[in-house]
1. Looking at region 5-27, is at least one residue open to solvent by 10 Å² or more (accessible area, probe 1.4 Å), more than 21 Å from TRP239 (Cβ to Cβ) and either at pLDDT 95 or above or not polar (S, T, N, Q) (or both)?
2. Might you let me know whether region 189-200 holds any residue that is farther than 23 Å from PHE74 by Cα, in contact (Cβ under 8 Å) with a residue 12 or more places away in the chain and open to solvent by 60 Å² or more (accessible area, probe 1.4 Å)?
3. Among what's in region 128-146 and is farther than 13 Å from VAL192 by Cα and of a type in the set (S, T, N, Q), pick the residue that is most open to solvent (accessible area, probe 1.4 Å).
4. Could you say whether any residue in region 116-125 is touching a strand residue (DSSP E or B) at 6+ places or on another chain (Cβ under 7 Å), modelled with pLDDT of 95 or more and open to solvent by 20 Å² or more (accessible area, probe 1.4 Å)?
5. Could you count how many residues in region 224-243 are at pLDDT 95 or above, open to solvent by 50 Å² or more (accessible area, probe 1.4 Å) and either polar (S, T, N, Q) or under 22 Å from the mean Cα position of the chain (by Cα) (or both)?
6. Of the residues ARG209, ARG219, which single one is under 17 Å from the mean Cα position of the chain (by Cα), open to solvent by 40 Å² or more (accessible area, probe 1.4 Å) and within 27 Å of LEU121 (Cα to Cα)?
7. Being assigned to a helix (DSSP H, G or I), surrounded by 13 or more Cβ atoms within 10 Å (Cβ to Cβ) and aromatic (Phe, Trp, Tyr) is the requirement here; does PHE162 meet it?
8. Need at least 1 residues that are under 25 Å from LEU186 (Cβ atoms) and not charged (D, E, K, R) per element, so show me which strands (runs of 3 or more DSSP E) inside region 43-135 make the cut, counting only ones lying wholly within it.
Amino acid sequence: MTLLLLAGSGEARRIAAALAQAGADAVASLAGATQRAKPLPLPTRVGGFGGAAGFAAYVKEAGITAVLDATHPFASQITARTAVICAELGLPYLYHLRGPWAAEPGDNWRDIDREEDAAALIPQGKTVFLGTGRQTLDRFANLQGRQVICRQIDPPTAPFPFAGGRFLVGRPPFSVAHERQLFRELGIDWIVVKNAGGEASRTKLTAARDLGIPVLMIRRPPPPEGAQITDSVDAAVAWALLQ
């Protein structure tokens, strides 16, 4: 067996650690979107595959016999491509998809389908905190007339893509207390996030509830049709070790 672990989530790190401890023949892959990412306890390749053809070629050349996809829940293009190619090549494929966040008493959330939908709900003149990352930042260009603050892990390499916005650099994890203080200092009126799930990044949502800040929650893209899916790290590791 040579398992390919597509990493990019916190759960992927836990899966990698368990596979390494079990002595599994596995290699991990990181897209390389985050600079200075913490190393994984498996042999790791960093960077894209060069599209569908490049991924298929890599799988064949590396002798990959199964693929465990533990990428971010919003890495929909990577996941869709991987599921299709694994099906075409007859490779076992498992998608680890952690559960989404669900509103709790006191939360003021509204679901939206796309980043572009936020402008219809956020009044002019408000201060908006984007916890959505830089890759889809240009989709918020219609938020002109609001002060937009986008937090990202790495320092920006280009100017903010539209007027009225600025970057805030910060490397998680962040405590609830940190997020509350930050939102107070910045005078945040609205928060926009992707429904990525996970406890580590939920702290900003708890802080928003404590401060009475409304949240726009971007719905997840649908998972690949017909794919085998689990939300359990233990189940994902057990599956990998049986391949």
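1. Looking for residues that are open to solvent by 10 Å² or more (accessible area, probe 1.4 Å), more than 21 Å from TRP239 (Cβ to Cβ) and either at pLDDT 95 or above or not polar (S, T, N, Q) (or both), one finds none in region 5-27, hence no.
2. Narrowing region 189-200 to residues farther than 23 Å from PHE74 by Cα: 189.
Subset that is in contact (Cβ under 8 Å) with a residue 12 or more places away in the chain: 189.
Going one step further and asking which of them are open to solvent by 60 Å² or more (accessible area, probe 1.4 Å), we end up with none.
No, region 189-200 contains no residue that is farther than 23 Å from PHE74 by Cα, in contact (Cβ under 8 Å) with a residue 12 or more places away in the chain and open to solvent by 60 Å² or more (accessible area, probe 1.4 Å).
3. If we take residues in region 128-146 being farther than 13 Å from VAL192 by Cα and of a type in the set (S, T, N, Q), then GLN135 is most open to solvent (accessible area, probe 1.4 Å).
4. So far as region 116-125 goes, yes, one or more of its residues are touching a strand residue (DSSP E or B) at 6+ places or on another chain (Cβ under 7 Å), modelled with pLDDT of 95 or more and open to solvent by 20 Å² or more (accessible area, probe 1.4 Å).
5. 4
6. Selected residue: ARG219, the only one of ARG209, ARG219 that is under 17 Å from the mean Cα position of the chain (by Cα), open to solvent by 40 Å² or more (accessible area, probe 1.4 Å) and within 27 Å of LEU121 (Cα to Cα).
7. On the way: assigned to a helix (DSSP H, G or I): no; surrounded by 13 or more Cβ atoms within 10 Å (Cβ to Cβ): yes; aromatic (Phe, Trp, Tyr): yes.
Against the criterion (assigned to a helix (DSSP H, G or I), surrounded by 13 or more Cβ atoms within 10 Å (Cβ to Cβ) and aromatic (Phe, Trp, Tyr)), PHE162 does not qualify.
8. 109-112, 127-130
The values are calculated or read from the model by the stated rules, or taken from the named source; none is laboratory data. All values reported here derive from a predicted model rather than from experimental measurement. FYI the Cβ positions are ideal-geometry reconstructions off the backbone, even for glycines, and counts take in every protein chain you see. These area figures cover heavy atoms from the full protein model, side chains too; ligands, DNA and RNA do not enter into them. Shrake-Rupley method; radii C 1.70, N 1.55, O 1.52, S 1.80 Å.
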